[in-house]
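The values are calculated or read from the model by the stated rules, or taken from the named source; none is laboratory data. This is a predicted model, so every value here is computed, not measured. Because the Cβ atoms are built from the backbone with ideal geometry, glycine has one as well, and the counts that use them run over all protein chains shown.
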Amino acid sequence: MRTNSDFIKRELAGEYILVPTGEMASVISGMITMTQTAAFIWDQYDQCDNLEQIVTRLMEEFDVDEQTAREDVYGYSKELYKKQMIMEVPELEEE
């Protein structure tokens, strides 16, 4: 699993944003604001092998139940995958 290298994550004044660069700058205009949870999930894509690892880490980091963590991780990941913002996600490539 990995993030698309055409996106750069930044923290500005306590806000997390994704800035599209390269090819993605012509596809997505402007910056994308992220919640703290979304920023955490984004960081995990380059560190984990699958979405279940991210679910576990999210539960530990934010003290949320498994169902909430799974809905957040899978829902957010599906949206990013459709927009080619993340790649090589085994659970989503099978769909």
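Contact map, region 12-27: first residue within 17 Å of Ile41 (Cβ to Cβ), second residue of a type in the set (Val, Ile, Thr) and surrounded by fewer than 13 Cβ atoms within 10 Å (Cβ to Cβ), Cβ cut-off under 6 Å, separation 6 or more or different chains; pairs are Ile17/Thr33. Using the structure shown, decide if Asn4 is in contact (Cβ under 8 Å) with a residue 12 or more places away in the chain and touching a Pro at 6+ places or on another chain (Cβ under 7 Å). No, not satisfied.
Residues in region 37-84 that are acidic (Asp, Glu) and at negative phi: Asp43, Asp46, Asp49, Glu52, Glu60, Glu61, Asp65, Glu66, Glu71, Asp72, Glu79. If you go through region 13-40 and pick out every residue that is touching an Asp or Glu at 6+ places or on another chain (Cβ under 7 Å) and part of a helix (DSSP H, G or I), you end up with 3. Exactly one residue out of Thr37, Thr33, Thr21 is hydroxyl-bearing (Ser, Thr, Tyr), touching a Phe, Trp or Tyr at 6+ places or on another chain (Cβ under 8 Å), more than 20 Å from Met87 (Cβ to Cβ) and surrounded by fewer than 16 Cβ atoms within 10 Å (Cβ to Cβ), and it is Thr33. For region 29-44, the tally of residues that are at pLDDT below 95 and under 19 Å from Arg2 (Cα atoms) stands at 0. Checked against the criterion of being more than 13 Å from the chain's Cα centre (by Cα), modelled with pLDDT of 95 or more, of a type in the set (Val, Ile, Thr) and within 16 Å of Thr3 (Cα to Cα), region 61-68 has no qualifying residue. Only one of the numbered conditions (1) over 16 Å from Arg2 (Cβ atoms); (2) free of Cβ contacts under 8 Å to residues at least 24 places away in the same chain is not met by Gln53, and that is (1).
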